[in-house]
Amino acid sequence: MKKAILFSLIVLMSVTGLFAEGQKDTDGKIVIGANIYNFQDNFMNGAMKPVLESYAAEKGVEIQIVDSEGQQAILNNQIDIFITRGVNVLAINLVDPASAESVIEKAKRADIPLILFNKEGSKEAMSTYDKVWYVGTDSAESGIIQGQMMVADWNAGVIADKNNDGVLQYVMLKGEPGHPDAEARTRESVKAFTDAGIQVQQLALEADQNWSTQHGNDKTAAWLTSSFGSDIEVIIANNDGMAFGAITAMKAAGVRLPIYGVDALDQALTHIAEGELDGTVLNDGENQAKATIDLAINAAMGKPVTEGTSWVLTTDGSKAVRVAYVAVTPENYEDFRK
Ligand code: GAL
Ligand code: CA
């Protein structure tokens with residue numbers, strides 16, 4: 001009986017964080033309170049989450065990763081709980097990039113360092129707290145690389161000018177409106193054509209907050225049977241997940257249009273091998289996850305965040321570590337297989 005009471009007391013104390021003096025867990029480990037904006041997301045769940053977990057284990061720290069289910073309100077609540085529990089540092093994947101400022105405010109009030117990853121906040125938001133940093137990419141780079149890959153394929157005839165009007169007719173699967181990656185990819189991939197002196201015509205563009213395969217499938221199926229269905233010369237997908245859906249829709253319709261993605265997920269490499277995807281861009285989730293953990297540990301220990309690592313912080317006020325994108329084509333995709 002006594003034992004049972006003592007046990008439940010200990011459980012209660014560790015849950016509420018009272019147990020830890022400072023903020024370490026019961027083994028004295030650093031605790032990282034983390035989330036993924038939506039466990040349904042192919043890239044975040046498939047490429048980033050496993051490395052966040054394995055690399056944290058390798059580094060001897062504890063990471064608690066919760067699912068924010070695509071709702072900023074859920075994430076706000078999760079952050080409050082992490083703060084009450086007394087985690088040492090937060091590693092947050094915003095649901096809504098526009099909420100960066102209020103999330104930073106929460107961390108600041110609790111005086112807990114914060115690493116944002118994958119969804120970047122504005123420079124203004126980043127400037128409001130000296131203990132917030134960002135880990136991600138240079139969003140524009142992915143669009144530029146994808147665009148250059150498509151320009152080369154247009155020049156080589158892989159993307160055919162089906163109606164011989166000298167203009168590229170495209171449809172675009174955009175991803176999340178307002179997400180720096182979605183906005184930059186949409187702009188830069190098309191700009192690569194116009195920069196190369198190739199005229200473009202957008203036949204359709206659809207957005208999806210969750211970048212999902214289902215969305216890619218539904219929209220592509222609808223496009224293929226629409227009045228402009230036979231005019232489409234390329235499908236530009238701002239991530240692989242949506243491209244997978246588009247590929248399924250094309251197969252169902254017995255059509256094979258040139259199609260490009262971003263992320264270079266394992267399934268994308270398989271689609272390239274099978275001649276169903278014409279290219280993608282490596283979004284290096286492994287290194288982004290490692291950088292997130294490395295910075296979180298340093299921040300929790302009050303050290304300069306990149307100390308003892310090979311990561312480099314930007315000096316333009318974004319306080320970011322940006323991991324490079326790489327073109328993945330039918331020529332080099334084998335190099336990216338795990
Ligand atoms: C992007 C990635 C998308 C999606 C998104 C979520 O970087 O390319 O597939 O995961 O992040 O924020
Ligand atoms: Ca054309």
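Assorted remarks:
- Residues LEU282, LEU168, sorted by accessible area with the largest first, give LEU282, LEU168 [1.4 Å probe; ligands and nucleic acids excluded].
- Residue separation of GLU53 and LYS162 scaled by 0.36 nm, minus their Cα-Cα distance, works out to 34.5 nm of gained length.
- Largest GNM mean-square fluctuation across TYR129, TYR260, TYR37, computed for the chain with C-alpha springs under 10 Å, falls on TYR129.
- Estimated [θ] at 222 nm from DSSP helical runs (n ≥ 4, -39500 (n - 2.57)) normalised by residues in the chain, nearest 500: -12500 deg cm²/dmol
- Under DSSP loop assignment and at most 13 Cβ neighbours within 10 Å, longest GluC sites (Glu not before Pro)-free interval of the chain: 22-273
- For the stretch 140-283, the Cβ-based charge dipole about the Cα centre amounts to some 240 debye (Lys, Arg positive; Asp, Glu negative; other atoms uncharged).
- Seen from all directions on average, the stretch 140-283 presents a Cα convex hull projection of 7.5 nm².
- Kirkwood Rh (inverse of mean 1/r, distinct Cα pairs), the stretch 33-167, angstrom: 16.9 Å
- When the Gaussian network model of the chain links Cα atoms closer than 10 Å, the mean-square fluctuations of THR306, THR128, THR248 top out at THR128.
- Selected from HIS271, HIS215, HIS179 as most flexible by GNM, with the chain as the system and alpha-carbon contacts under 10 Å: HIS271
- For the chain, the longest principal axis of the alpha carbon atoms and the long axis of helix 139-155 meet at an angle near 20°.
- HN-Hα J in Hz across the stretch 76-83 - Karplus 6.51, -1.76, 1.60, θ = phi - 60°, x for Gly and Pro: 4, 5, 4, 5, 4, 5, 4, 5
- Kirkwood Rh and Cα Rg combined as Rg/Rh, the chain: 1.05
- Across the options VAL87, GLN288, GLY136, the greatest Cα extent toward the positive end of the charge dipole of the chain (unit charges at beta carbon of Lys, Arg, Asp, Glu) belongs to VAL87.
- Taking the Cα centre of the chain as origin and assigning +1 to Lys and Arg Cβ atoms and -1 to Asp and Glu Cβ atoms, the resulting dipole is close to 1120 debye.
- For the stretch 181-282, applying the loop criterion from DSSP together with a ceiling of 14 other beta carbons within 10 Å to the trypsin sites (Lys or Arg not before Pro) yields ARG256.
- In the stretch 105-178, trypsin sites (Lys or Arg not before Pro) in a DSSP loop with at most 15 other beta-carbon atoms within 10 Å: LYS162
The values are calculated or read from the model by the stated rules, or taken from the named source; none is laboratory data. Small disclaimer: the values here were computed from a predicted structure and weren't measured. Note that we place each Cβ from the backbone using ideal geometry, even for glycine, and neighbour counts take in every protein chain shown. The area values use the complete protein model at the heavy-atom level, side chains included, leaving out ligands, DNA and RNA. Shrake-Rupley method; radii C 1.70, N 1.55, O 1.52, S 1.80 Å.
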